[in-house]
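Each reported figure results from applying straightforward, stated rules to the coordinates on display, with no laboratory input. No experiment lies behind these values; they were computed from the predicted model shown. When we count neighbours, we look across all protein chains shown, and the Cβ atoms used for this are built from the backbone with ideal geometry, even at glycine.
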Amino acid sequence: MTRKVLGLGCGNPGGSAEILLIEALRAAQDDGAEVELVRLEDLCLDTVGGEDDAEWFWERLITCDAWIVSAPIISRTVPGRLKVLGDRLLGPNADAAIIEGLLEARRRGEDPAVPFRVDERVLKPRVAGLIACGGALTTQWKALALPVMHTLTFSMSIAVVDQMVVEGAGTPRSVVLDDDAVARAGTLGHRVASQLGRSFDEAEYLGDPGACPMCHLDVITLQPKGVQCASCGALGRLTDGRVEWTDLDTSVISMAERRAHYREIVETARAHAALSDTVAQRAAAYSDFPASHP
């Protein structure tokens with residue numbers, strides 16, 4: 001069976017981010033995968049008359065075996081339209097733990113009172129590769145790109161098997177001058193292809209190790225009693241200048257944390273449902289506040 005790799009290009013058509021994506025897709029294609037390139041710029045994400053391209057893209061994502069996302073770095077992070085796409089399609093409506101819980105509730109004949117769709121295809125195994133491409137040569141200008149891109153994968157339990165950040169591509173299409181970056185994108189494509197069909201637990205991470213064993217990134221926040229991965233939420237403590245990870249189940253990448261989050265959502269919804277009249281009465285005081293319109 002031929003596996004499908006979906007590529008999402010989030011920069012200018014023909015630009016550096018797209019060049020790296022095409023290199024990765026060609027590598028996956030050479031390894032026998034079927035590939036498809038979609039440009040974020042071509043997607044209409046502004047609902048007009050109740051229709052846009054979000055569901056069109058959802059069908060491509062939900063039927064693929066892997067996706068590779070390549071984005072330019074803008075103001076230390078990714079383009080806002082990519083975040084809009086993630087907000088429209090992912091999160092609770094595409095969370096494997098939530099869908100797992102809702103399916104189980106259905107089997108028991110229960111109504112969890114949460115308004116999320118249930119698309120069982122979310123539970124299909126998928127892997128991903130992430131590419132962020134920027135012009136800056138220093139790390140502080142690129143630090144938020146990959147953490148934000150991880151928000152596109154964790155809800156569906158898509159295993160990120162490789163990720164890369166490119167520097168020095170600050171003018172249009174100039175990444176072609178960086179032979180190492182282009183070759184690295186091809187390596188990412190091969191690595192993604194090598195993991196096609198594997199579940200989250202079976203997939204092997206093949207990229208740079210990073211500090212966190214869950215997301216393999218290096219963005220850490222200091223806590224009163226230790227440290228936390230700012231990208232995914234794993235907990236640890238500093239020991240002799242190194243992080244010793246003490247609780248990986250707090251990572252949003254883990255099903256344990258997302259199952260706990262599902263229970264929290266259901267309990268909150270039930271509590272609020274019992275107070276629906278109170279909510280309506282108190283909220284009414286805010287309904288007539290004037291707002292300006294373009």
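Relative protection proxy for 145-151, 239-245, from highest mean packing down: 145-151, 239-245 (other beta-carbon atoms within 10 angstrom). The long axis of helix 179-194 is offset from the longest Cα principal axis of the chain by roughly 50 degrees. Seen against the Cα atoms of the chain and their longest principal axis, helix 80-89 is set at about 50 degrees. Within the shell of other residues whose beta carbon sits under 12 angstrom from the beta carbon of Leu235, the net charge comes to -2, with Lys and Arg scored +1 and Asp and Glu -1. For the peptides 123-131, 17-25, residues were scored by their other Cβ atoms within 10 Å and the scores averaged per peptide; the highest-first order is 17-25, 123-131. With N the number of residues in the chain, Rg(Cα) / (2.2 N^0.38 Å) evaluates to 1.08. Full extension of the chain between Asp111 and Ser194 gives 25.8 nm of extra length, using 0.36 nm per residue less the Cα-Cα distance. Expressed as a whole percent, the proportion of Cα-Cα pairs in the range 211-275 lying more than 19 Å apart is 40%. Counting only alpha carbon atoms, the long axis of helix 255-273 and the longest principal axis of the chain meet at about 30°. Descending by average beta-carbon neighbour count within 10 Å, the peptides 88-96, 105-113 line up as 88-96, 105-113, the highest first.
Can you list residues whose amide H is under 5 Å from Ile68's amide H, if they're 5+ apart or on another chain and H is modeled 1.01 Å from N? Placed amide hydrogens put Leu6, Gly7, Leu8, Gly129 under 5 Å from Ile68.
A cut-off of 5 Å between modelled amide H atoms, ignoring neighbours fewer than 5 places along the same chain, links Val166 with Ala132, Cys133, Gly134.
Taking the centroid of alpha carbons for each part, the range 151-169 and the range 191-227 are 10 Å apart. Note on Asp53 and Thr221: the extension gain reaches 56.8 nm, defined as 0.36 nm multiplied by sequence separation minus the Cα-Cα distance. Note on Ala280 and Trp141: their simple-model spin labels are 5.5 nm apart, each label 7 Å out from Cα toward Cβ. Dividing the Cα radius of gyration of the range 154-237 by 2.2 N^0.38 Å, with N the residue count, gives 1.33. A full extension of the chain between Met1 and Glu120 corresponds to an added length of 40.8 nm, given 0.36 nm per residue minus the alpha carbon distance.
Within the straight-line cut-off of under 25 Å between alpha carbons, the lysines reachable from Lys83 are Lys4, Lys124, Lys142, sequence neighbours fewer than 8 places apart in one chain being disregarded.
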